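Have a look at the structure below before the remarks.
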Amino acid sequence: MKTRDLEYFQKVVECRSFTRAAAQCQVSQPTVTAAIKRLEKEFAVQLIQRDHVHQQITITRPGQILYRRTRQLGQELVSTRRELLATQTPKIRLGLPPIIGTTYFPRLVPELLRLGLLDQLQITESGSQKLLESLLTGKIDLALLGSALPLQNPRLQTKIIGQRPFVVVTSRQHSLAQQQEVRFSELAQEQFIGLTQQYVHPYVWRQFCQYAGIDPPLLYRAMDISWVKGLVQANLGISLLVVDAVSSADDLHCLKLQENYPEHFYISVAYRQNYVLAPQEEQLVQSLIAKDFEI
């Protein structure tokens, strides 16, 4: 069976036309027709019914099953191609979210220097959700990911290396800055400044609101944590951030939450389930999960 035949079949299903599929694949229509016939012979089922009178096609149930599997296979092939190309370079393609990259990862730098791994890192920085997508599609091979709950994905190997709480962040001028703790249910009238969906924070904020039974206004969703902190510092609203996102240099006030909600900022090292680690990647993973790397 040729992978190209599966590509032609997928395009026929999506275009609902042999002619349009051939045009998009830049081949002749007989080439596409021959590919479908080979697949039907290979699997001993009819995949597509052609109505020549009305110039329509119908995808049979076996065809629908094969189409779903073909899409999954196509994604795996793309990921595999990227993995094979990556073996031609000694670089370690590592994903880091901003908070982890600036707060936690530097603690590992002395060990990476000792092992000679630091100059082999090719780092991609983005929110955890976007990095998760890049990891699954083979754009990166390893990642330190933040998640609101322990990360569970059958396509990944993961290991939790630490967890941190979320806190409410205000300006020094805000009335809440006189307190050290707060109940989330007391924040129903406060304007919140949040982050976009590439971070775990929007999910956590929604969960906290649900637990507390409140629906506070969301003033703005920022694409960067520094934007959030700048808006909060200007006293335009408050925010919910992982505690280590705020430093003394930010001149902001953090309030501990009195409720013991299950969501925390879990930090995990992750790579694809079927990915074969290179020796230097194995060294990095072992360094990340070492007992003396405390968060």
Scan of the range 182-196 for residues that are β-branched (Val, Ile, Thr) and modelled with pLDDT of 95 or more, ordered by number: Val182, Ile193
Total residues in the range 180-231, condition touching a Gly at 6+ places or on another chain (Cβ under 9 Å), more than 28 Å from Pro97 (Cα to Cα) and part of a helix (DSSP H, G or I): 1
Matching residues in the range 250-274 - criterion: being within 23 Å of the chain's Cα centre (by Cα), crowded, with 17+ Cβ neighbours inside 10 Å and of a type outside the set (A, V, I, L, M, F, W, C): Glu263, His264, Tyr266, Ser268, Tyr271, Arg272
Test for Asp224: is it in contact (Cβ under 8 Å) with a residue 24 or more places away in the chain, charged (D, E, K, R) and in the same structural domain as Gln178 (by TED's automatic domain parsing): yes
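Restricting attention to the range 233-260, which residues are in a helix (DSSP H, G or I) and in contact with an Asp or Glu (Cβ under 8 Å, 6 or more places away or on another chain)? Before the answer, list the steps.
Initially, the range 233-260 is screened for residues in a helix (DSSP H, G or I), giving 233, 243-245, 248-250.
The one that is in a helix (DSSP H, G or I) and in contact with an Asp or Glu (Cβ under 8 Å, 6 or more places away or on another chain): Gln233.
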Members of the range 109-119 that are in contact with a Leu (Cβ under 7 Å, 6 or more places away or on another chain) and touching a residue at least 60 places away in the same chain (Cβ under 8 Å): Leu112, Leu117
Neighbours by Cβ (under 8 Å, 6+ apart or cross-chain): first from the range 197-213, outside the structural domain of Ile99 (by TED's automatic domain parsing) and surrounded by 21 or more Cβ atoms within 10 Å (Cβ to Cβ); second modelled with pLDDT under 95 and in a helix (DSSP H, G or I): Tyr199/Ser128; Tyr199/Gln129; Tyr199/Ile225; Val200/Ser128; Val200/Gln129
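Do you know which residues across the range 178-190 are surrounded by 14 or more Cβ atoms within 10 Å (Cβ to Cβ) and touching a residue at least 24 places away in the same chain (Cβ under 8 Å)? Before the answer, list the steps.
As a first pass, look at the range 178-190 and keep what is surrounded by 14 or more Cβ atoms within 10 Å (Cβ to Cβ): 179, 182, 184-187, 190.
Listed by number, the residues that qualify are Gln179, Val182, Phe184, Ser185, Leu187, Glu190.
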Of residues in the range 10-56 being of a type in the set (Val, Ile, Thr) and in a loop (DSSP other than H, G, I, E, B), the one modelled with the lowest pLDDT: Val53
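Here is a yes/no grid of residues against (1) hydrophobic (A, V, I, L, M, F, W, C); (2) modelled with pLDDT of 95 or more:
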position: Gln129; (1), (2): no, no
position: Ile140; (1), (2): yes, no
position: Leu144; (1), (2): yes, no
position: Gln152; (1), (2): no, no
position: Arg155; (1), (2): no, no
position: Gln180; (1), (2): no, yes
position: Gln198; (1), (2): no, no
Identity of the residue in the range 228-250, in contact with a strand residue (DSSP E or B) (Cβ under 8 Å, 6 or more places away or on another chain) and among the charged types (D, E, K, R), that ends up farthest from Phe166 (Cα to Cα): Lys229
Selected residue (only one of Asp119, Asp141 is over 21 Å from Tyr199 (Cα atoms) and among the acidic types (Asp, Glu)): Asp119
Test set (1) in contact with a helix residue (DSSP H, G or I) (Cβ under 9 Å, 6 or more places away or on another chain); (2) over 15 Å from Cys254 (Cα atoms) - Ile193 fails condition number: (2)
So Leu112, is it modelled with pLDDT of 85 or more, closer than 30 Å to Leu144 by Cα, surrounded by 14 or more Cβ atoms within 10 Å (Cβ to Cβ) and of a type outside the set (Val, Ile, Thr): yes
Arg61 vs. criteria modelled with pLDDT under 85 and either over 24 Å from Ile267 (Cα atoms) or assigned by TED's automatic domain parsing to the domain that holds Met223 (or both): no
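Across the range 162-181, what is the total count of residues that are within 19 Å of Pro262 (Cβ to Cβ) and hydrophobic (A, V, I, L, M, F, W, C)?
Filtering the range 162-181 down to residues within 19 Å of Pro262 (Cβ to Cβ) leaves 162-168, 181.
Filter again for hydrophobic (A, V, I, L, M, F, W, C), leaving 166-168.
Count: 3.
The values are calculated or read from the model by the stated rules, or taken from the named source; none is laboratory data. Remember, it's a predicted structure, so these values are computed and weren't measured experimentally. Because the Cβ atoms are built from the backbone with ideal geometry, glycine has one as well, and the counts that use them run over all protein chains shown.
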